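Since every read-out is calculated from the coordinates, none of them should be taken as a lab result. What you see is a predicted model, and the numbers here were worked out from it, not measured in a lab. Note: ideal-geometry Cβ built from the backbone for every residue, glycine included; neighbour counts use all protein chains shown.
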Amino acid sequence: MGLVDGKVAMVTGGASGIGAATSKTLASEGASVVVSDLNAEGAESVARAINAAGGTAVGVRTDVSDPASVQAAVAFAVKTYGGLDVLHNNAAAFGADVIMQDFNVVDIDLAVWEKTLAVNLTGALLGCRFAVPEMLKRGGGSIINTASVAGWLAEDTRVAYSVSKAGLINLAKHVATAFGKQGVRCNAVAPGVVVTETSKGHMSEEWINGMKELHSTPRLIEPSDIADAVLFLASDLSRQVNGHVLTVDAALSAHLPKVEG
Amino acid sequence: MINLDGKVAIVTGAASGIGAVTACTLADAGASVLVADLDAAGAVRVAAKIAGSGGAATAWEVDVSDDAAMEAMVAAATDTYGGLDILHNNAAASQLAGQDHQLEDTTVDLWDRTMAINLRSVMLGCKHAVPAMKARGGGSIINASSGVTHGGQHRETAYAVSKAGVEMLTKTVATQYGRFGIRCNAIAPGVIFHDAIRNLVPPADKRIFEEYTLLPRLGEPEDIANAVAFLASDLAGFITGQVLTVDGGLHTAVAFDAAITAAHSEPPA
């Protein structure tokens, strides 16, 4: 028996990385999955892989920064599978023109700031806005936002990314507070450094090795690690977990850096 | 279902309440369980219940505050089942809660006994489990913390401080032994209505918990057991050094904000 048998899930940013891993994991545990992404071909491709493996999935193109597009994606999920139980707000602006231009408060171009917040944060707000009424019709549901340890630990750069992730944490607590009594749970998952096909291009070998030192386990985080945490939060195993930030970072944020000497 | 096939687990404080339910849940998921408790007869009952439903369990009497007894407990698991993969440090001095007041009324004896049973016990459990888990190439330790660590407490001074210690111990073990594949996390329950406390909570208090819990119902032992099973399993393979809050959102909302909102809202017609 799967952990999310019979549930309908939508994963934004589902075409690659953490979103693709989550889509596959939720499907392999029994959910019908709407793989949502700006990259329609990528979303279709993940859905095809899920169907080929015996699961149930469909791809849909979504621009999470556009209210009409998110509304249409939720309506598509409901029309296709009869309702919505799980939403993974995972889409983030990871194009090199955004993440590689996301500097400190003095140097960041306002367009980069606005694009980052529009996709990462407003996108999740819109997901919640259109998913919550559908979940209320089903008597409840589970929303999971992809935050980051960068949501409470600062860097000397990437101010827009970090602030968007901090916002995602409080957005989760707000939805948990506002709709929990009606059965809609909302939590965040906070990864440490996850090396995906997309993020790999933005990381030097040196930087990755430095990060390996800061993570306390023998290896770096993989997308499937995050997918498993999302699976827990999506499932009834976590039915009393609400407003929580589940950190999946191999203790990156649990300790002070070790300084030799 | 969570799959713990072939894993060996110890649950302390497993004769009743949350520990007993957790022991059963881990066994249902396929683990062989050492049911450890100071209450030997209770441990035997829980182990028998597990065996009766086809699981593998052994009862073990232990005083969790005693170094030699904790070493022997880990040895019992490795001798009986060939190793140790999961340790749930769950035992706590709930029987002392009634004497645990404000600071001025906190006796040294109460403080020391609380620390011995709630905190030294967890240190000893981790200390003796780590070598056994290293020998297996890794393992998962889950410590019982509490929602009381979210803020200052008006009473239960010793209890609250002991649980804050459990959380830092958790991060310390995660930091020191992560490289050996040993994960260490804590669970912070909110209010869980299990048999031992169900009749002790006054109805007025229960209504307050219902009001401030963000979900439609209060927590049950199964909620904690499921969270332990998750952290014990490979699904949580990259989660370490964390405190997983399982409280229905009890500590998420700003409490005084709800009181202000209520004060300003129209009385019900």
Before rounding to the nearest 500, sum -39500 (n - 2.57) across all DSSP H runs of length at least 4 in chain B and divide by the residue total; then give [θ] at 222 nm in deg cm²/dmol. -14000 deg cm²/dmol
Using a 7 Å offset from the Cα along the Cα-to-Cβ direction at both residue B:198 and residue A:213, what is the distance between the two label points in nm, to one decimal? 5.5
Rg to Rh quotient for segment A:7-146, alpha carbon positions, Kirkwood Rh: 1.00
Only counting other Cβ atoms within 10 Å, I'd like A:100, B:123, B:70 sorted with the fewest neighbours first. A:100, B:123, B:70
Tell me the Rg and the Dmax, in Å, that the Cα atoms of segment A:8-246 produce. 16.8, 51
As a footprinting exposure proxy, order B:264, A:174 by other Cβ within 10 Å, with the fewest listed first. B:264, A:174
By the scheme Lys and Arg +1, Asp and Glu -1, what is the net charge of all other residues having a beta-carbon under 12 Å from that of residue B:20? -2
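Shape of segment A:1-89 from its Cα gyration tensor (a ≥ b ≥ c, root eigenvalues): rounded if a/c is under 1.5, otherwise prolate when a/b > b/c, or oblate?
Because a/c hits 1.5 or more and a/b fails to exceed b/c, segment A:1-89 counts as oblate.
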With no solvent and one point on each alpha carbon, what is the Debye value of log10 I(q)/I(0) for segment A:126-178 at q = 0.16, 0.21, 0.24 Å⁻¹? -0.53, -0.75, -0.88
Which value in deg cm²/dmol, rounded to the nearest 500, describes the helix-derived mean residue ellipticity at 222 nm for chain A, given -39,500 (n - 2.57) per DSSP H run of n ≥ 4 and division by the residue count? -13500 deg cm²/dmol
Per the 1/(1 + (r/R0)^6) rule, R0 = 30 Å and r from the Cβ atoms of residue A:71 and residue A:182, FRET efficiency to 0.05 is 0.90
When you look at the Cβ of every residue in A:66-78, what mean number of other chain Cβ atoms sits within 10 Å? 0
Of B:227-236, B:169-178, A:38-47, B:46-55, ordering from highest average Cβ density within 10 Å down gives B:227-236, B:169-178, A:38-47, B:46-55
Highest average packing first - B:31-39, B:81-89, Cβ atoms within 10 Å: B:31-39, B:81-89
In the neighborhood of residue A:135, defined by Cβ-to-Cβ distances under 12 Å, what is the net charge if each Lys or Arg adds +1 and each Asp or Glu adds -1? +3
Enter the Cα centre distance for the pair segment B:10-44 and segment B:52-84, rounded to the nearest angstrom. 10
Please average, across the residues of A:17-27, the number of beta carbons from any other chain that are within 10 Å of each residue's own beta carbon, and give a whole number. 0
Provide Rg over Rh for segment B:96-182; use the alpha carbon set for both Rg and the Kirkwood Rh (inverse mean inverse pair distance). 1.07
Antiparallel bridge percentage (DSSP; both residues within segment B:1-114; nearest 5): 0
The equivalent-ellipsoid semi-axes of the protein assembly as shown, taken as the square roots of five times the Cα gyration tensor eigenvalues and listed largest first in whole Å, are 38, 26, 24
Under 20 Å Cα-Cα from residue A:173, which lysines qualify once same-chain neighbours fewer than 8 residues away are excluded? A:165, A:181
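Could you tell me what a quarter of the Cα convex hull surface of segment B:131-269 works out to, in nm² with one decimal place?
Values: hull surface 42.8 nm².
Averaged projected area of segment B:131-269's Cα convex hull equals 10.7 nm².
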Taking the 0 to 90 degree range and rounding to the nearest ten, how far is the long axis of helix A:205-214 tilted relative to the main principal axis of chain A, both from C-alpha atoms? 80
Using the Kyte-Doolittle scale, which helices in chain B average at least -0.5 and also have C-alpha atoms spread 20 Å or more along the helix axis, with helices defined as whole DSSP H runs? B:67-81, B:121-136, B:157-177
Rg and Dmax of segment B:8-264, Cα atoms, in Å? 18.0, 63
Over segment B:1-111, one equal point on each Cα, no solvent: what is log10 I(q)/I(0) by the Debye formula at q = 0.20 Å⁻¹? -0.94
Averaged over its residues, how many other protein chain Cβ atoms are within 10 Å of peptide A:177-186's Cβ atoms? 4
